[in-house]
Amino acid sequence: MRRGFRRLLGPTSVNPIIAQKQVILNAVLFGVAIPFLIFGIISLILWSMQLAPAGIGIVAFAALPFFILAYFLGRKDHIRLAGFIPTVIIFLVVITSSAFQVNLGQVSIIGFAIIVSVAGSLMGLSAAIVFTLLGILTYALAGWAQINGLLPAPLVTETPAITNIFGLALGLSLLVV
């Protein structure tokens with residue numbers, strides 16, 4: 001089993017630079033996909049208890065095929081494109097869940113930190129800078145839109161507390177990876 005796991009996450013390229021990036025990509029994809037799967041399951045359980053909206057779990061599950069696509073692109077040495085996929089998926093999940101579901105807060109900030117970390121490690125410094133600027137701009141615009149009533153009001157107090165706890169756990173576990 002250990003050998004099979006290494007084969008799945010190991011590099012396929014003979015070029016040592018690309019092989020190193022494949023290892024990083026596979027670690028990030030595995031490290032992102034497992035928490036997304038767990039977060040999706042937990043979110044749907046919370047939804048069944050009417051403690052969270054169903055959309056959060058659906059989005060978590062909807063991201064998984066894109067992570068699989070990125071994995072196969074990485075195996076074919078398309079590292080930059082493969083790295084772009086999880087970065088954009090995480091970015092979209094953070095901004096949509098922050099703006100429309102649970103309000104802007106600590107989980108959003110950790111989400112943006114994850115995005116910048118993933119972009120930097122998979123696509124380089126310039127991508128990290130771009131996603132830093134996008135995160136700042138998005139956070140500022142979403143905050144302004146919520147203050148001015150252009151976005152829906154955040155969910156009731158109990159729901160964000162529960163979803164923030166799981167979102168925070170997801171975010172912190174991704175930072176560890």
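Considering each residue of region 81-102, count those that are modelled with pLDDT under 70 and buried (at least 21 other Cβ atoms within 10 Å of the Cβ), and give that number.
3
State the number of residues belonging to region 39-67 that are outside any helix (DSSP H, G or I) and either modelled with pLDDT under 80 or not aliphatic (A, V, I, L, M) (or both). Working first, answer last.
The initial filter retains those residues of region 39-67 that are outside any helix (DSSP H, G or I), namely 49-53.
Now restrict to residues that are either modelled with pLDDT under 80 or not aliphatic (A, V, I, L, M) (or both): 50-53.
Selection size over region 39-67: 4.
Can you say whether Phe166 is touching a Phe, Trp or Tyr at 6+ places or on another chain (Cβ under 8 Å), farther than 23 Å from Ile24 by Cα, at pLDDT below 85 and part of a helix (DSSP H, G or I), as far as the supplied structure shows?
Details: touching a Phe, Trp or Tyr at 6+ places or on another chain (Cβ under 8 Å): yes; farther than 23 Å from Ile24 by Cα: yes; at pLDDT below 85: yes; part of a helix (DSSP H, G or I): yes.
When the stated conditions are applied, Phe166 passes them.
So which of Leu92, Leu81, Leu64 ends up being of a type in the set (A, V, I, L, M, F, W, C) and over 11 Å from the mean Cα position of the chain (by Cα)?
Leu81
Return the pair list, or none, for Cβ contacts closer than 8 Å from residues in region 27-43 that are over 10 Å from Phe67 (Cβ atoms) to residues that are at pLDDT 85 or above and not β-branched (Val, Ile, Thr), at least 6 apart or on different chains.
Gly40/Phe61; Gly40/Leu64
Give the residues of region 135-160 that are modelled with pLDDT under 80 and surrounded by 16 or more Cβ atoms within 10 Å (Cβ to Cβ), sorted by residue number.
Within region 135-160, Tyr139, Ala142, Gly143, Gln146, Leu151, Pro154, Leu155, Thr159, Pro160 qualify.
Would you point out the residue of region 76-89, among those that are part of a helix (DSSP H, G or I) and without any contact (Cβ under 8 Å) to a residue 12 or more places away in the chain, that is farthest from Ala33 (Cα to Cα)?
Narrowing region 76-89 to residues part of a helix (DSSP H, G or I): 79-89.
Then keep just the ones that are without any contact (Cβ under 8 Å) to a residue 12 or more places away in the chain; that gives 81, 88.
Numbers: Leu81: 17, Val88: 14 Å.
So, considering only residues that are part of a helix (DSSP H, G or I) and without any contact (Cβ under 8 Å) to a residue 12 or more places away in the chain, the one farthest from Ala33 (Cα to Cα) is Leu81.
Could you grab me the full set of residues in region 55-75 that are without any contact (Cβ under 8 Å) to a residue 60 or more places away in the chain and under 14 Å from Leu25 (Cβ atoms)?
Scanning region 55-75 gives Phe66, Phe67, Ile68, Leu69, Ala70, Tyr71, Phe72, Leu73, Gly74.
The values are calculated or read from the model by the stated rules, or taken from the named source; none is laboratory data. The shown structure was predicted, so the numbers you read here are calculated from the model rather than taken from an experiment. We place every Cβ from the backbone using ideal geometry, glycine too, and count neighbours over all the protein chains shown.
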